[in-house]
Ligand code: TA6
């Protein structure tokens, strides 16, 4: 029973009918949140938001039917918290260790507007060559989903150089009827072509093949236009200079054991963070906050 592992202190934070612990698959504990206008689910494993849905609307986030749920595995879908490195790292798992650690629940606060704010802390952040740091993650579930990742350099004498990213998987009705705006004129590294440096020339990004782009020096909002679900998802952010757009398409989808062969048709990742040349350098005692706000409007 996953929730048996929840500490007494954490159990006291529960708000009946609003934020309660529950057993998730694979022996992983989660919190089920019901706010006035929306519901969400967050696993303590990786402080991973796997579900956000406004009442009477389809879910905003994609979660693979084939996702693994295990202590040492990342969940495929939702919002993986990528920290303190993005992508590959010699001798280390891809995308950092934060997404496969169990975070502690520090606060659950019912807000007057009917939304619910939760704060998570990543225990013992050090190792892999990084100086000691702290990471707090604040998730506010309401009309919109707001996420804040606060990283502080806890060292007294060493700089902390790190990457972070909220690697959001959005649910879409039909990828062939989706386009993404807000990236025109922005330069990017194309991972599909060996990180070739390019510039976005089009008014909108269309996904017609494997797409894996790291847009750099961009802090503006991005919108995902989804004709099939007749909605527009807006990704607003602060404290972030990189936006990553990813869809594995056919071949990669087949290669991934924790992703369905056809699932590339109903998801797109639009990720907000600081990666590659936008990585962050924090002096001792300093902090950096990455904030992302996810909202949607009818098309
Ligand atoms: O954010 C895009 C990306 O870096 C892709 O290159 C792809 O690898 C994806 O992340 C998923 O990575 P994962 O380690 O979760 O399989």
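Could you tell me which numbered condition residue 260 fails, if it satisfies all but one of (1) surrounded by fewer than 19 Cβ atoms within 10 Å (Cβ to Cβ); (2) under 23 Å from residue 60 (Cβ atoms); (3) away from the ligand (no atom under 16 Å from the Cβ)? Failed condition: (3).
For the criterion of being in a helix (DSSP H, G or I), on the phi < 0 side of the Ramachandran plot and more than 16 Å from the ligand (Cβ to nearest atom), residue 252 fails.
Out of all the residues in the stretch 84-118, which are under 17 Å from the mean Cα position of the chain (by Cα), within 13 Å of the ligand (Cβ to nearest atom) and either touching a residue at least 40 places away in the same chain (Cβ under 8 Å) or not in a loop (DSSP other than H, G, I, E, B) (or both)? Result: 85, 86, 87, 95, 96, 98, 99, 100. Taken over the stretch 203-222, the residue count meeting the criterion of being without any contact (Cβ under 8 Å) to a residue 24 or more places away in the chain and under 20 Å from the mean Cα position of the chain (by Cα) is 1. Within the stretch 209-241, the set of residues being more than 10 Å from the ligand (Cβ to nearest atom), farther than 20 Å from residue 172 by Cα and in contact with a strand residue (DSSP E or B) (Cβ under 8 Å, 6 or more places away or on another chain) comprises 215, 216, 217, 218, 219, 237, 238, 239, 240, 241.
Each residue in the stretch 108-161 was checked for being crowded, with 16+ Cβ neighbours inside 10 Å, out of contact with any strand residue (DSSP E or B) (no Cβ under 6 Å at 6 or more places or on another chain) and under 24 Å from residue 93 (Cα atoms), and 1 pass. Any idea which of 147, 183 is part of a strand (DSSP E or B) and under 26 Å from residue 269 (Cα atoms)? Matching residue, one of 147, 183: 147.
Of the residues making up the stretch 59-66, none is free of Cβ contacts under 8 Å to residues at least 40 places away in the same chain, away from the ligand (no atom under 16 Å from the Cβ) and assigned to a loop (DSSP other than H, G, I, E, B).
Bear in mind these aren't lab numbers, they're just calculated from the coordinates by the rules spelled out. Bear in mind that the values here come from a model prediction, so they are computed numbers and not experimental data. Every residue, glycine as well, gets a Cβ built from its backbone with ideal geometry; the counts of neighbours run over all protein chains shown.
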